[in-house]
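Structure record follows, encoded as structure tokens.
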């Protein structure tokens, strides 16, 4: 069984806590560590590691303090170089090379974002629960059989973005960046159609845009498409 707790999920900061009941992990370190501690009722001494997808501040803001707290942080070599922090607890990982943290077997995989070497993570525990964590990517080329939990970005909708550009609420230059850096509702639907969701227990839609998303609409659309329990933190 996997338990997911969202501590932050937006362009202001991203951080999640997951556990299989044996090995707790952080996904991202995009908020201050003191806030992480507070939201976890100061039960942070047993956190076995932190997975970081890329170097942007809303994913690494609290990284220095997470490292100081004695938590190993796993990221690609490109991300490690981009954050420019020298620390013995930074553990470089490679795409498609599996590594172990406690009861989790973890496979990083390459994604598409406007940074040096972004990755997503596929996590499998000892009871064969499979969790996919992918954020800040406009496309995922891989298929993932047997998933039980999905935590994935659903940043914007093309229809909402186009309407906001037309009304002048969003600069037109933003569209080009979003198309090549973040997962749209439309692309996410294609991803779900391409994957076998038979065993999926729950889907978490992450990192919604402040301006170009609609929480209720996204939840409804993905529930209708997948027939699964959908959370929007």
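The values are calculated or read from the model by the stated rules, or taken from the named source; none is laboratory data. As the structure is a prediction and not an experimental result, all values here were calculated from the model. As a convention, Cβ positions derive from the backbone with ideal geometry for all residues, glycine included, and neighbour counts pool all protein chains shown.
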Taking segment 94-134 and the residues there that are at pLDDT 95 or above and touching a helix residue (DSSP H, G or I) at 6+ places or on another chain (Cβ under 8 Å), the one that is farthest from residue 9 (Cα to Cα) would be 94
If we keep only residues of segment 162-186 that are in contact with a helix residue (DSSP H, G or I) (Cβ under 9 Å, 6 or more places away or on another chain) and closer than 19 Å to residue 9 by Cβ, then the residue surrounded by the most Cβ atoms within 10 Å (Cβ to Cβ) is 183
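Scan 25, 51, 40, 7 and give me the residue that is at pLDDT 95 or above, within 22 Å of residue 204 (Cβ to Cβ) and touching a helix residue (DSSP H, G or I) at 6+ places or on another chain (Cβ under 6 Å). Don't jump to the end; show me each part of the working.
Working: 25 fails: touching a helix residue (DSSP H, G or I) at 6+ places or on another chain (Cβ under 6 Å); 51 fails: touching a helix residue (DSSP H, G or I) at 6+ places or on another chain (Cβ under 6 Å); 40 fails: touching a helix residue (DSSP H, G or I) at 6+ places or on another chain (Cβ under 6 Å).
Testing whether each residue is at pLDDT 95 or above, within 22 Å of residue 204 (Cβ to Cβ) and touching a helix residue (DSSP H, G or I) at 6+ places or on another chain (Cβ under 6 Å) leaves just 7.
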Taking segment 7-23 and keeping residues outside any strand (DSSP E or B) and either buried (at least 20 other Cβ atoms within 10 Å of the Cβ) or in contact (Cβ under 8 Å) with a residue 40 or more places away in the chain (or both) leaves 11, 12, 20, 22, 23
I'd like to check something: does segment 27-47 contain any residue that is buried (at least 17 other Cβ atoms within 10 Å of the Cβ) and at positive phi?
yes
Among (1) touching a strand residue (DSSP E or B) at 6+ places or on another chain (Cβ under 8 Å); (2) closer than 24 Å to residue 147 by Cβ, residue 83 falls short only on (2)
Of the residues in segment 24-41, those that are assigned to a loop (DSSP other than H, G, I, E, B) and closer than 18 Å to residue 131 by Cα come to 24, 28
Inside segment 120-138, the number of residues satisfying the requirement of being within 15 Å of the chain's Cα centre (by Cα) and more than 22 Å from residue 60 (Cα to Cα) is 1
Of the residues in segment 167-195 that are under 20 Å from the mean Cα position of the chain (by Cα) and in a loop (DSSP other than H, G, I, E, B), the one that is modelled with the lowest pLDDT is 180
